[in-house]
Amino acid sequence: MRTLIAIPLLLVTSLAAQVKINGPMPGYTDMLEATIWMQCQGPCSARMEYWVIDKPDSILRTAVQDSEASRAHAMDFIMDQVVPGTTYGYRPVVNGQVVDVGQALTFSTQPLWKFRTDPPDFTVAMGSCVYINEPVYDRPGNPYGSGYEIFNSIADKKPDLMLWLGDNIYLREPDWGTRTGFLHRYTHSRSTPEMQRLLRSTHHYAILGRSRLRAQRRRCQLREQCARS
Ligand SMILES: [Fe+2]
């Protein structure tokens, strides 16, 4: 009987361990709040644990979120127990297990400098026009995307933040007309192995890409809702 119980438990444990993630990726950060985005490659429950970088024994935790297929299992975690001008370590916990992504994870809050000191220096990385090849849906001929090592080159510069200037993904014909297509393309790009270290290494801010704006316009035209949106 013990063996019969143990086998399903082992199966559940091993299934939980198999859920892979994209990111995590720090997003905006302010003085009393910061966000971290993460996407599970399938259904999951997840939270973030974080701590002041030199106080690893005092763990802070976000609420647990259940991923939703309607968001392609992507989640935003709000870190609301932070103070200004502080660096935190953090780690994702997926299905109750800490995920080791193979690199140290940190985020920082903005310092309260006004009326106190000069504005602090900071380094910004900027980039755009990210086409990740996906042969089954790409146009025939030479692949449009290449040079994915640029993501690690940017990470090596250790910017304080990265600004994605637009065309952060490119929609193709199968992606244009539906939310399912959108989610497919965003998920495919965010799954790029060469992009993961950069996603995890700094805070990211994005401008809505032209291709997405075009797709939104086309969708509203199809639904005759342009006047209202
Ligand atoms: Fe572009």
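Note on the range 47-79: residues that are over 27 Å from Arg179 (Cα atoms), surrounded by 11 or more Cβ atoms within 10 Å (Cβ to Cβ) and acidic (Asp, Glu) total 1. Assessment of the range 126-141 against the conditions (within 17 Å of the chain's Cα centre (by Cα), away from the ligand (no atom under 16 Å from the Cβ) and within 14 Å of His203 (Cα to Cα)) yields no matching residue. Of all residues in the range 106-125, none are within 16 Å of the ligand (Cβ to nearest atom) and under 29 Å from Leu32 (Cβ atoms).
In the range 32-46, the residues that are farther than 15 Å from His184 by Cα form Cβ pairs under 6 Å with partners that are surrounded by 13 or more Cβ atoms within 10 Å (Cβ to Cβ) and modelled with pLDDT under 95, at six or more places apart or across chains, as follows: Cys44/Val19.
Screening Val101 with (1) exposed (fewer than 14 other Cβ atoms within 10 Å of the Cβ); (2) hydrophobic (A, V, I, L, M, F, W, C); (3) not assigned by TED's automatic domain parsing to the domain that holds Tyr186 gives one miss only, at (1).
To keep it simple, each residue is scored yes or no on (1) surrounded by 11 or more Cβ atoms within 10 Å (Cβ to Cβ); (2) modelled with pLDDT of 95 or more; (3) in a strand (DSSP E or B).
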residue	(1), (2), (3)
Gln81	yes, yes, no
Tyr90	yes, yes, yes
Pro135	no, yes, no
Gly147	no, yes, no
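Tallying residues that are part of a helix (DSSP H, G or I) and either more than 16 Å from the ligand (Cβ to nearest atom) or of a type outside the set (D, E, K, R) (or both) within the range 166-189 yields 13.
Residue-wise test of (1) touching a Leu at 6+ places or on another chain (Cβ under 9 Å); (2) among the hydroxyl-bearing types (Ser, Thr, Tyr).
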{"residue": "Gly23", "(1), (2)": "yes, no"}
{"residue": "Gln39", "(1), (2)": "no, no"}
{"residue": "Ser45", "(1), (2)": "no, yes"}
{"residue": "Trp51", "(1), (2)": "yes, no"}
{"residue": "Asp54", "(1), (2)": "no, no"}
{"residue": "Ser58", "(1), (2)": "no, yes"}
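Pull up the range 152-165, narrow it to residues that are under 12 Å from Met126 (Cβ atoms) and in a loop (DSSP other than H, G, I, E, B), then point me to the one that is nearest to the ligand (Cβ to nearest atom).
Step one: filter the range 152-165 for residues under 12 Å from Met126 (Cβ atoms), giving 154, 157, 159, 161-165.
If we keep only those that are in a loop (DSSP other than H, G, I, E, B) too, we end up with 157, 159, 165.
Working: Lys157: 22, Pro159: 20, Leu165: 9 Å.
Applying the filter and picking the extreme gives Leu165.
To keep it simple, each residue is scored yes or no on (1) surrounded by 14 or more Cβ atoms within 10 Å (Cβ to Cβ); (2) more than 16 Å from the ligand (Cβ to nearest atom); (3) at pLDDT 95 or above; (4) not assigned by TED's automatic domain parsing to the domain that holds Leu105.
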position	(1), (2), (3), (4)
Ile150	yes, no, yes, yes
Leu199	yes, yes, yes, yes
Arg219	yes, yes, no, yes
Leu222	no, yes, no, yes
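A search for C-beta distances below 8 Å between a residue of the range 105-123 that is not assigned by TED's automatic domain parsing to the domain that holds Arg197 and any residue that is among the hydroxyl-bearing types (Ser, Thr, Tyr) and part of a loop (DSSP other than H, G, I, E, B), counting only pairs 6+ apart in sequence or on different chains, returns Ser108/Thr86; Thr109/Thr86.
The values are calculated or read from the model by the stated rules, or taken from the named source; none is laboratory data. Bear in mind the structure is a predicted one, so any value in this text is a computation, not a measurement. Here Cβ is always computed from backbone atoms with ideal geometry, including for glycine, and neighbour counts include all displayed protein chains.
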